Amino acid sequence: MRIGTRRQRDTPTSQSVTAPLSRLDVIRGLRFSVWDGAFATIWITLTSGAFITGFALWLGADSVAIGLLTAVPTLAALVQLLSSYTTESLPQRRPFIVIYSLAGRLLWLPILLLPFIFPLNLALTIFLLLFTASSVLTSIPMPAWSSWMSDLVPVGYRGRYFGYRNMVAGITGMVISLPAALLLDQAVKTPGWRFVGFAFLFGTGVIGGIVSGVMVWLQPEPPRIRAQESHTGSSRGLRSYFAAPFADVKFRRLLLFNAVFGVGQNLAAPFFTVYALKELQLNYLWMQVLAAITGVSALVSMPFWGYLADKFGNKPLLAIGTWGVLTLPISWIFTVRGNNAVMAAWLLEINVGSGIFWAVVGLAQFNLLIGCSSPENTSVYVATMSAVTGLLAGIAPLVGGYLMHLMSGLHIMIHGIDIGNYQVLFILTTILRLVSIPLLSGVQDVGAQSAGDVIRQLGQAKPRNWGHIRKLQKPSEQTQRLRAAEALAESPTTLALGELVNALQDPSLEVREQAARALGNIGNRLALEPLLQAAQDDAASITTEAAEALGVLGDRRAVPHLIALLTDGARVLRRAERQAIIRALGALGGEDAAAALIEQLNSTSDSGLQEDIADALGRTRSPKAVGVLTDLIARSRENRTICVACVRALGRIGAPEAREILRSMLNSSGNDQVMAAAAATALTRVGDRQAVPFLVTATSGATAAISRRQIAHSLGTVLEHGESSYRLISAADMDRDAIVVKMIKEAGKARPGSTVSVRHAIQAYTSGDFRATIHHLIQLSRIDAKTEDEEFWTSVATIEHEVPLELVLVAVAVLADD
């Protein structure tokens, strides 16, 4: 399927920015963007982090200069306000992005030559100037690039795509950083080669930056979505352009969180590296090993975060990430020299945590920013966010550097830990991050779940579920997808919701059927609409499975749709489909469902459907169904199956007006063990003590052991001794006999003068003479007998044929409880 119509192949010179991109163009653009990110990472890795900090320290930078080095890139973001406005009038974004990006990266060529030309003290000043110019130039095209990505990447795919893009970038950074660190360590150890080491790294970074620009140039550019109101040409238009983000409450809330969190992020940011290099005395190789650990952690977690962002929203993930990075600065306090094993353990924890949690923070922040802006305003939203947060985040390391300078002589010993200027700064940055957390509650992310829900669902998901989800995500064989859907139906998890919804459109009927069942078992109401559509789509051929899933789902909003489907004269439902809809209406319940089922019952003579409708009416628990079911019993006396279904349904409804018909069905059941058991259970549910004589007779007359147990349990329940009788009836023989003897003895202790009757009752029971046992139990009952149980004892005494064990057990339970 093509988004637009265009025959010619897009090239950097021939593409018309007004023509929509085809789906293949979008895929090609996304692929080139991944390569762009990989090569850009080479430039970023070799011109930042420990390398640039080490270069600045070598040139003689102090704490203030290090703070300035971190502040410059964030302060440079202020220029994005102007650049975002300027790019609005550009017909194409590609030349603008490539020219400024390459200009900023090429400035590193004179930087790498500085140590060869100038003395170190002067080289530091020139380096800071060139670094500032480079930061400004590379910051200028960011709004245009963000706007481009917003237009290019489909909304529902952003989490996974940027997760994958960042993963590739992380691999690149990890692969390039270790050899670079090893080379620099060797250069530092070799007299006169330190310049060469830094120059080689910076030069390689520039090459990566140039190739990155080429990748951007090769990307097809999507058409720009412009605001209907032009902001150019007047001061009023300029004011309205920059005021647009601040008029958006969603943007303001996100801005407030990002600003406070950014200060907490950047206050001590440059000094973690300085602390590692100077205080812990780690060399460049170890620094990059730790960076590689961070990269691997980010690499492993990034696709996972991207998947979760698309599924649950970005806000809950940002909350999880914020809590995750909260304590990382505190961990640095415990990384003291002297115990290398302890120091290594803390550094491992810090870098693994950094990789995992900073990955999701960056991903969620970017997606939230793109999501809260309309396509035509993305540039100014990105520019405003970068400018405001950049200003504060740029000031933060300067303040951090100044505080480091003021506390340079501070040393306090607390529990053997030396608290100095670094440690105090780490504590302050933790506090600032903590302060930002309440602000996250105001950030809006439509449709997002809470962080608690996400964590709970992740905790409930079984490890093998991830493999099944991946099989549904990626192209695979039919058998693999079918097994995955079957497994998710047996072990449901909300994490698979999106994949299972997509599987409702699978080419395989079997996969569609299993996907519908799994969606019902998951029990998430987000599955309602997809299941309704599947049930109503005759061509999908899964109406039966979708209707059953809707019944399991339990969302009553489905009832009107199922009723409409059941009564739709234009569609001929197959028998299985009609039965599934009937069962679903019964499971969902409600008077509207009951009314529709009664109408169906009155309009059909199909005994099979009548049985299904009777069962469904019972599950609705609607009192309105009692009369209809009673009438159906009267009309269907010869049809045992329908009568049993009606009796069970009346029991589920539990209406008192059903007692008479249920007693009648029990009394007339004769040798029909199924009917007797069904009627007994139903009488239990309606609470009919007048049925005691009928239940005693039915228990003594039942020939099947399972029927006797069921009826006897019903008898005990009606007598309000259900738990005691159930305990005895369900016990194994040896255990049961011991319990019976104990209960008879306890009943005797509560009745003075019953010693003889107790002894005789136990002797009769252990010898298997249950008629004699009943006789002695009746004697015991007459001592301090309760009036409400008198009818039971009277009925038991009148039994003419053999007394079954189950009736004895009920009598023991009644006697012991009394």
What lysines sit close enough to Lys278 to cross-link, taking a C-alpha to C-alpha distance under 19 Å and skipping anything fewer than 8 places away on the same chain?
-> Lys189
Points 7 angstrom from Cα along the Cβ direction at Trp58 and Asp672: gap in nanometres?
-> 9.7 nm
At a 1.4 Å probe, what is the % contribution of carbon and sulfur to the accessible area of the range 711-817?
-> 49 percent
On each of the three principal axes the extent of the alpha-carbon atoms of the range 392-525, given in whole Å and largest first, is 74, 35, 25
Could you calculate the contour length gain from Tyr402 to Leu130, that is, 0.36 nm times the residue separation minus the distance between their Cα atoms, to one decimal place in nm?
-> 95.6 nm
What is the gain in length, in nm to one decimal, between Ile412 and Ser450 on full extension, counting 0.36 nm per residue of separation less the C-alpha to C-alpha distance?
-> 9.5 nm
Label-point gap, in nm, between Lys624 and Thr703 - each point 7 angstrom along Cα→Cβ | 4.3 nm
Based on the Cβ-Cβ distance from His801 to Val336, what FRET efficiency comes out when R0 is 60 Å, to the nearest 0.05?
-> 0.10
At 1.4 Å probe size, with no ligands or nucleic acids counted, give the accessible surface of Cys643 in Å², nearest ten.
-> 0 Å²
Report, in degrees rounded to the nearest 10, the 0 to 90 angle that the Cα long axis of helix 421-436 makes with the longest principal axis of the chain.
-> 50 degrees
Sorted by accessible area with a 1.4 angstrom probe, largest first, how do Arg525, Arg648, Arg689 fall?
-> Arg525, Arg648, Arg689
Can you give the accessible area of Met665 in Å² (nearest 10), computed on protein heavy atoms with a 1.4 Å probe?
-> 10 Å²
Would you list the P(r) distribution for the range 778-817, with all Cα-Cα distances sorted into 10 Å bins from 0 and each bin expressed as a whole %?
-> 27, 62, 11
Any idea of Phe334's accessible area? Nearest 10 Å², probe 1.4 Å.
-> 80 Å²
Just subtract the alpha-carbon distance of Ile117 and Thr567 from 0.36 nm times their residue separation and send over the number in nm, one decimal.
-> 153.1 nm
Classified through the alpha carbon gyration tensor (a ≥ b ≥ c as square roots of its eigenvalues; rounded if a/c is under 1.5, else prolate when a/b is larger than b/c, else oblate), the chain comes out prolate
Solvent-accessible surface ranking, highest first, for Lys311, Lys624 at 1.4 angstrom = Lys624, Lys311
Spin-label point model (7 Å from Cα, Cβ direction): what's the Leu109 to Arg574 distance in nm?
-> 7.1 nm
Check the straight Cα-Cα distances from Lys250 and name the lysines below 24 Å, setting aside those fewer than 8 residues away within the same chain.
-> Lys311, Lys315
If R0 = 35 Å, then Arg727 and Glu657, at their Cβ-Cβ distance, give a FRET efficiency to the nearest 0.05 of 0.60
Could you tell me which of rounded, prolate or oblate describes the range 491-557, using a ≥ b ≥ c as the square roots of the eigenvalues of the alpha-carbon gyration tensor, with rounded for a/c under 1.5 and, failing that, prolate when a/b is larger than b/c and oblate otherwise?
-> oblate
Protein chains only, probe 1.4 Å: how do His760, His801, His776, His411 rank by accessible area, largest first?
-> His411, His801, His760, His776
Reachable aspartates and glutamates, given that their alpha-carbon falls under 18 Å from the alpha-carbon of Lys471 and they are not under 8 places away in the same chain = Asp310, Glu486, Glu490, Glu499, Asp506, Glu510, Glu513
Given the candidates Phe257, Gly554, Ala634, the one whose Cα lies deepest towards the positive end of the charge dipole of the chain, counting +1 at each Lys or Arg C-beta and -1 at each Asp or Glu C-beta, is Phe257
Grab the beta carbon distance between Gln505 and Glu477, set R0 = 30 Å, and tell me the FRET efficiency rounded to 0.05.
-> 0.95
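The values are calculated or read from the model by the stated rules, or taken from the named source; none is laboratory data. Note that the structure is predicted; figures quoted are calculated from it, not measured. Methodologically, a virtual Cβ is constructed for each residue, glycine included, from the backbone with ideal geometry; neighbour enumeration extends over all protein chains shown. The accessibility values were calculated without ligands, DNA or RNA, using every heavy atom of the protein model including side chains. Shrake-Rupley method; radii C 1.70, N 1.55, O 1.52, S 1.80 Å.
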